[in-house]
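Single-structure report; data block below.
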Amino acid sequence: MSDENKKTVEEPDFEKLARTTAPSRFNKVVTIILVAICVVLAAFIIFRMTSSSDSSQLAMPVAENTSSAVNVSVQSAEIKDFSRISKLNGEIRRSGDSLAVYPDITSSGTVTEILVSRGDTVKAGDTVAYIDPSRPGAVYKISPVVSKADGIVTDIPVSVGQTVTASQAIITIAGTSDLVVEASIPEKFLGTVREGMSAEMESVAYPGRIYEGTLTYIAPTVNTTTRSSDIEIRFTGDTAGLKEGMYIRLNLETEHISDALIVPEAALDTYLGDDIVYVADGNTARRVIVTTGSSNGTETVITSGLSEGDLVITAGNVMDGTAISVVNQEN
């Protein structure tokens with residue numbers, strides 16, 4: 001190779017390469033270091049923020065229950081007489097038995113005259129009708145029909161011109177004794193009623209007018225079909241306007257307890273199978289387990305758990321420990 005050709009082949013410029021390559025490698029290293037520092041700083045910042053948040057949550061005090069008090073109505077438990085009332089239907093009757101009046105003839109005869117009407121009052125010895133017992137061709141002979149007792153005519157089962165026998169009733173009378181109410185009481189109440197209990201009655205003919213009476217009779221047997229027993233109520237007050245056969249609605253006191261501790265039915269509730277009431281204890285509702293007795297649908301007898309004067313909550317959605325505000329108190 002000639003010298004001229006040798007000159008055309010240039011040798012590498014190592015200084016130039018050093019100047020261009022070294023800074024490029026240095027920049028890469030610096031970039032990597034900076035990225036690593038940024039990652040570490042970011043991780044540190046995130047850690048501090050997380051730790052700060054956890055610490056603030058741990059350090060934050062538990063908020064107290066700031067809900068408003070529940071408005072409630074209360075009523076005092078009180079000692080008084082307790083009554084349970086049964087509502088029954090009855091009918092007015094005379095307390096005496098009905099009596100049939102028969103003709104005083106030997107065989108048969110014809111009714112010639114009837115002197116009374118239904119609803120008339122008759123006395124013993126009064127003539128109420130006439131019968132002709134004669135036979136064809138015989139001498140006419142009138143026979144009077146005479147009442148054997150005082151009473152009110154309730155039925156006249158014959159008419160003028162009818163042929164009757166000695167065993168056929170001409171009229172039926174009811175005794176003029178006092179009016180009574182006949183009714184039936186369900187078997188389930190028989191254990192709670194006794195003679196002498198009071199009753200209040202109302203006739204459909206006189207709405208709003210209350211009549212008073214006393215239970216005077218309880219049948220010794222139970223009707224196997226209706227599962228009830230007949231009873232009789234005798235009026236103890238004014239009976240003006242009442243008539244036999246009238247329909248009567250009556251309220252019979254089937255149970256009476258003197259000096260019982262009473263609370264409203266609305267105050268009662270249950271909790272885990274126990275009967276309870278909530279009592280207003282200052283500004284807090286307190287659950288009290290009670291033992292209950294008889295109830296009439298409005299009031300209930302409390303046999304244990306409460307004392308006279310305790311304020312039982314009758315309205316308001318409360319639990320044991322609920323803050324309350326009494327807005328209505330009934331005596």
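Across the range 272-308, what is the number of residues that are over 15 Å from residue 73 (Cα atoms) and touching a residue at least 12 places away in the same chain (Cβ under 8 Å)?
25
Strands (runs of 3 or more DSSP E) wholly in the range 236-299 with at least 1 residues that are under 20 Å from residue 311 (Cβ atoms) and of a type in the set (D, E, K, R) - which ones? Show your work before the answer.
Details: elements: 247-264, 269-271, 274-281, 284-289, 291-295.
In the range 236-299, 269-271, 274-281, 284-289 are the strands (runs of 3 or more DSSP E) which contain 1 or more residues that are under 20 Å from residue 311 (Cβ atoms) and of a type in the set (D, E, K, R).
Restricting the range 300-320 to residues that are touching a strand residue (DSSP E or B) at 6+ places or on another chain (Cβ under 6 Å), part of a loop (DSSP other than H, G, I, E, B) and not aliphatic (A, V, I, L, M), which is farthest from residue 84 (Cα to Cα)?
Going through the qualifying residues, I end up with 320.
Being in the same structural domain as residue 200 (by TED's automatic domain parsing) and either over 30 Å from residue 207 (Cβ atoms) or within 20 Å of the chain's Cα centre (by Cα) (or both) narrows it down to one residue among 252, 311; which is it?
252
Among the charged types (D, E, K, R) and surrounded by fewer than 17 Cβ atoms within 10 Å (Cβ to Cβ): does that describe residue 308?
Yes; evaluated as a whole, the condition is true for this residue.
Run residue 265 past the list (1) closer than 30 Å to residue 185 by Cβ; (2) of a type outside the set (A, V, I, L, M); (3) surrounded by 16 or more Cβ atoms within 10 Å (Cβ to Cβ) and report the number of the one that doesn't hold.
(3) is the only condition that residue 265 fails.
Just to check your reading of the model, which residue among 251, 223 is surrounded by fewer than 18 Cβ atoms within 10 Å (Cβ to Cβ), in contact (Cβ under 8 Å) with a residue 24 or more places away in the chain and closer than 22 Å to residue 83 by Cα?
Exactly one of 251, 223 is surrounded by fewer than 18 Cβ atoms within 10 Å (Cβ to Cβ), in contact (Cβ under 8 Å) with a residue 24 or more places away in the chain and closer than 22 Å to residue 83 by Cα, namely 251.
The values are calculated or read from the model by the stated rules, or taken from the named source; none is laboratory data. Worth saying up front: this structure is predicted, and the values here are computed from it rather than measured. Here the Cβ is made from the backbone with ideal geometry for all residues, glycine too, and neighbour counts use every protein chain on show.
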